[in-house]
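The values are calculated or read from the model by the stated rules, or taken from the named source; none is laboratory data. In this text, all values refer to a predicted model and were calculated from it rather than measured experimentally. Glycine gets a Cβ as well: all are built from the backbone with ideal geometry, and neighbour counts include every protein chain shown.
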Amino acid sequence: MQTHFTAEQLRDPGIASANQVLRTCVHCGFCTATCPTFVLLGDELDSPRGRIYLIKDMLESGRPATEEVVRHVDRCLSCLSCMTTCPSGVNYMHLVDHARTYIEQTYQRPWHDRALRAVLGLVLPRPALMRAALLGARLAKPFAGLLPKTGQLPLRLRALLRLAPASLPPASHLDRPQDHKPVGPRRGRVALLAGCAQTVLDPAINAATVRLLTRLGIEVVVAKGAGCCGALAHHMGKHDPAMDAARANIAAWCAEMDGGGLDAVIINTSGCGTTVKDYGYMFRNEAPDWADRAARVSAIAMDITEYLVRIGYTPTRAAPPLTVAYHAACSLQHGQKVTDAPKSLLRQAGFKVAEPAEGHLCCGSAGTYNMLQPEISSQLRARKLGNLHATGADLIAAGNIGCMTQLAGDTLPVVHTIELLDWMAGGPQPERLATLVTA
Amino acid sequence: MIEQPEPKTDVLAKRDAIVAGLRHLLPASGVIAEPLRLKPYETDGLSAYRQVPLAVVLPETTEQVAAVMAFCHAQGVRVVPRGAGTSLSGGALPMADAVVLGLMRMNRILDIDYADRCAVVQAGVTNIGITQAVAQRQFFYAPDPSSQLACMIGGNVNMNSGGAHCLRYGVTANNLLGLKIVTVEGEILDIGGAYLDAAGYDWLGLLTGSEGQLAIVTEVTVRILRSPEGARAMLAAFTSNEIAGACVDSIIASGIIPVALEFMDRPAIHACEAFAHAGYPLDAEAMLIIEVEGSTAEQDDLLARIRDICAQHAPISLEVAKTAEQSLAIWKGRKGAFGAVGRISPDYLCMDGTIPTSQLPAVLRRIGEMSASYGLQVANIFHAGDGNLHPLIMFDANSAESFHKAEAFGADILRLCVEVGGCLTGEHGVGVEKRDLMGVQFTEIELDQQRRVKSAFDPGWLLNANKVFPLTAALRA
């Protein structure tokens, strides 16, 4: 597609990269069909092609972002379904990430929008704050009915209260920096991204990961200094906090790579995995040593299911006769193109695996999207749950805490894929399945 | 930039009143009028041509479409209908004084009748959406344009779209039973229905392929067919475009009609393989995708006969898809071919001429020669079985010179198609792209007669007036 940047504009490396992405797009429109917001809203402006055009126009003009553009870019889930569909290989992720940063730098949001984003950016990546906030939300839950029924702010607050779980598990000591030694002879050594929000919402995921890997002879390091991957800030266009978070992880993991050595950096929250795999790109214009180190980390970043396929997984007990509806998280299927590994592992574990119709469509979780765009998010949640129920499955398995939180509270229990794999290979039965299977 | 009809100054002058009037007829989100938000509607799948419209409306019901049309008719406002905006001939290119009427929100399946094998759907349902809705019962909707994932049935009707499998099943016109239309005055009419022939004139035939110039299509009744027992695709690789073209002609001349017979040349093979990982032969200069269907015995028999014919053209390789996954990947590559060319060139013009299959070798050779003399690369991807060419001319839209050369090269290809006994358009429609070449195909007398048909439906030339016909003095003034 034609672009109209001046030579001066193209000297900015951010614009130069955006220009490359735009030049790859041939405006064929295939992406519109698989975009969740276009399917729901039926407006070119809420499709990837429309957003690409809005972004192109905004960047070419060099003027500050305006409400019209922000509205449509904000509605993008960053599910990246468009990237799976695109025949031309347009890197929409890099374009929309750049646009979000540009918006954050040039556009003044209404006060309540700024405040909410600041709070989310502050709280979610910090487990202690998050724990305190969820406790507060629990206390506020009974009063949700007092909020007005319309208006952006009340709707968002309702969404926040709905998403807050009714009870919180205690923090797990496994998530603190340490070396989890393998059982038996050591076959490999990996770093685990313990994560931030996930350690508060569902520490059982990391526990299952550590148990299974150590049983398979893998030493699992929770590196000192590593924390949030930076994705939450990154997707809100908050460039500096995102880079700071990423830098801390890169430093921590490079120290491990140069010390005890690492075969992989393992991520069991696919939203984070997509970002860690993109560190190399995010740091491409930083000082060469940081760019190199970021690229080294991205090169060994792997989803837990990719790694299990590589090292081999064998169940040790017969699976109960359960059908698992596999919910493909967008960050895993579109962001990382990991599609077969989770399903084939679940089948190896002995489960019957069902795939819902419209599996390519997002469940509406999308990081902070379900708190910032509650209306679209709840429509997508209902549509996803409908498709999952139609499979006739007994439970849902997913590889991303965001989707798990979004789909929770329904009659179908939701567990992480790794919990099922661990269970069938000697681990405990996931607590959420207690009513489904009596041990 | 293509010449546009002169905007009506009176319409431009009352822009605000027109927008206010439209806002009375539709929900708030259904009217777009802010300059920044109009910009993405300035073009469609042919992004070389652009024009920001006066406004965009997104109705959700036939009644809303009728209200918009009645209003625009009363105000003398031009209307440009738009489906998914995937047209490669600029069928949805706006005019400065026109309202773009987008049908994307009308995306519901209204009725499926398996006993009588038909489905009633709104105009904004995607082509593949129809097949997806009936696939569980082993039915499908046959015409399958490459953009079938995104393009909408209303647009298919207006362009009489084809697709790879039309060699066997016919184009849109052969798979339609009825339409609900809104006239330029805003009246709602039903044409045809769930039966095979209509009484009186063949209005369905006239409206199909009328490029949004006669009426707005809001609902479509299509035929659905039982899915075949099975299908298999074969890849045949050759050392030159001409040899592959001659092989196509031999297959068709032998009396065999495969369900699909598709051609791709070297640049196309490489671009599509990078996207679809289908195992295309990267050492070939040209490749045919030949698909047969039916029972296993029928498939085996046809494949054996086709294999014998191919063998007479010294193929590099002949390979039948081994798994259902490989078949899917083969078609994913072919269907994504135009977009995949975006991997090797920032821009392309996609031609759509049709020629007698016996002329394939000669025409492919001429296109190769023109490519060399214009200094622009071409990727050839097309429905070879019915002689429907899609040469993709690669150029750089950031260079005006490159674009003008591409336009001239494209016009030369289409003139060549007419010269060898073919025609300007196979399935993409005339749109704006081939508008000014209509004189190559038709005499002025013929064109005037066609214009009178449009005038009978739309005396004021309000519907999609910038397309299909070279601009008359009346539109220029």
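Odds and ends about this structure:
- Residues (part of a loop (DSSP other than H, G, I, E, B) and farther than 20 Å from residue B:342 by Cα) located in region B:237-278: B:239, B:240, B:254, B:255, B:256, B:257, B:258, B:259
- Of A:382, A:397, A:366, A:341, all but one fail to be in a loop (DSSP other than H, G, I, E, B) and either under 26 Å from residue A:74 (Cβ atoms) or touching a strand residue (DSSP E or B) at 6+ places or on another chain (Cβ under 9 Å) (or both); the exception is A:366.
- Once region A:1-31 is narrowed to residues that are of a type in the set (Val, Ile, Thr) and within 7 Å of chain B (Cβ to nearest Cβ), the residue that is nearest to residue B:87 (Cα to Cα) is A:26.
- Within region B:3-31, tally of residues that are crowded, with 17+ Cβ neighbours inside 10 Å and under 29 Å from the mean Cα position of the chain (by Cα): 4
- If only residues of region B:148-176 that are of a type in the set (Val, Ile, Thr) and either free of Cβ contacts under 8 Å to residues at least 60 places away in the same chain or farther than 18 Å from residue B:44 by Cβ (or both) are counted, the one that is nearest to the other protein chains (Cβ to nearest Cβ) is B:172.
- Across region B:138-145, a minimum of one residue is classified as in contact with a helix residue (DSSP H, G or I) (Cβ under 6 Å, 6 or more places away or on another chain), under 18 Å from residue B:226 (Cβ atoms) and not hydrophobic (A, V, I, L, M, F, W, C).
- If you go through region B:455-477 and keep only what is at pLDDT 95 or above, of a type in the set (D, E, K, R) and more than 21 Å from residue B:87 (Cα to Cα), you end up with just B:458.
- Breaking point among (1) buried (at least 22 other Cβ atoms within 10 Å of the Cβ); (2) in contact with an Asp or Glu (Cβ under 9 Å, 6 or more places away or on another chain); (3) of a type in the set (A, V, I, L, M); (4) assigned to a helix (DSSP H, G or I), for residue B:181: (4)
- Residues that are surrounded by fewer than 24 Cβ atoms within 10 Å (Cβ to Cβ), under 20 Å from residue A:347 (Cβ atoms) and either without any contact (Cβ under 8 Å) to a residue 24 or more places away in the chain or not assigned by TED's automatic domain parsing to the domain that holds residue A:327 (or both) do not occur anywhere in region A:385-403.
Per-residue answers, yes or no, for (1) buried (at least 23 other Cβ atoms within 10 Å of the Cβ); (2) over 19 Å from the mean Cα position of the chain (by Cα):
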site	(1), (2)
B:50	no, no
B:59	yes, yes
B:75	no, yes
B:80	yes, no
B:127	yes, no
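- Qualifying residue in region B:40-48 (condition: crowded, with 20+ Cβ neighbours inside 10 Å, over 15 Å from residue B:101 (Cα atoms), touching a helix residue (DSSP H, G or I) at 6+ places or on another chain (Cβ under 8 Å) and within 12 Å of another protein chain (Cβ to nearest Cβ)): yes
- Leading residue by the ranking (farthest from the other protein chains (Cβ to nearest Cβ)) among those in region B:327-364 that are among the basic types (Lys, Arg) and over 16 Å from the mean Cα position of the chain (by Cα): B:332
- Any hit, region B:304-315, residues being acidic (Asp, Glu), outside the structural domain of residue B:163 (by TED's automatic domain parsing) and either in contact (Cβ under 8 Å) with a residue 60 or more places away in the chain or buried (at least 18 other Cβ atoms within 10 Å of the Cβ) (or both): no
- Qualifying residues in region B:20-39 (those that are within 11 Å of another protein chain (Cβ to nearest Cβ) and part of a helix (DSSP H, G or I)) - the one nearest to residue B:339 (Cα to Cα): B:39
- Condition broken by residue A:130, with the remaining ones in (1) modelled with pLDDT under 95; (2) surrounded by fewer than 18 Cβ atoms within 10 Å (Cβ to Cβ); (3) part of a helix (DSSP H, G or I); (4) in contact with a helix residue (DSSP H, G or I) (Cβ under 6 Å, 6 or more places away or on another chain) satisfied: (2)
- Test: residue B:374 is more than 14 Å from chain A (Cβ to nearest Cβ) and either closer than 15 Å to residue B:261 by Cβ or modelled with pLDDT of 90 or more (or both): yes
- Hey, residue B:321 closer than 14 Å to residue B:234 by Cα, away from every other protein chain (no Cβ under 14 Å) and free of Cβ contacts under 8 Å to residues at least 12 places away in the same chain or not: no
- Looking across region A:22-38, the residues that are in a helix (DSSP H, G or I), crowded, with 22+ Cβ neighbours inside 10 Å and β-branched (Val, Ile, Thr) come down to A:32, A:37.
- From the list B:393, B:413, B:367, the one residue that fits, being part of a strand (DSSP E or B) and away from chain A (no Cβ under 11 Å), is B:393.
- Per the listing A:34, A:84, the residue uniquely touching a residue at least 12 places away in the same chain (Cβ under 8 Å) and facing chain B (nearest Cβ under 9 Å) is A:34.
- In region B:52-82, residue farthest from the other protein chains (Cβ to nearest Cβ) [restricted to those that are in a helix (DSSP H, G or I) and in contact with a Pro (Cβ under 7 Å, 6 or more places away or on another chain)]: B:68
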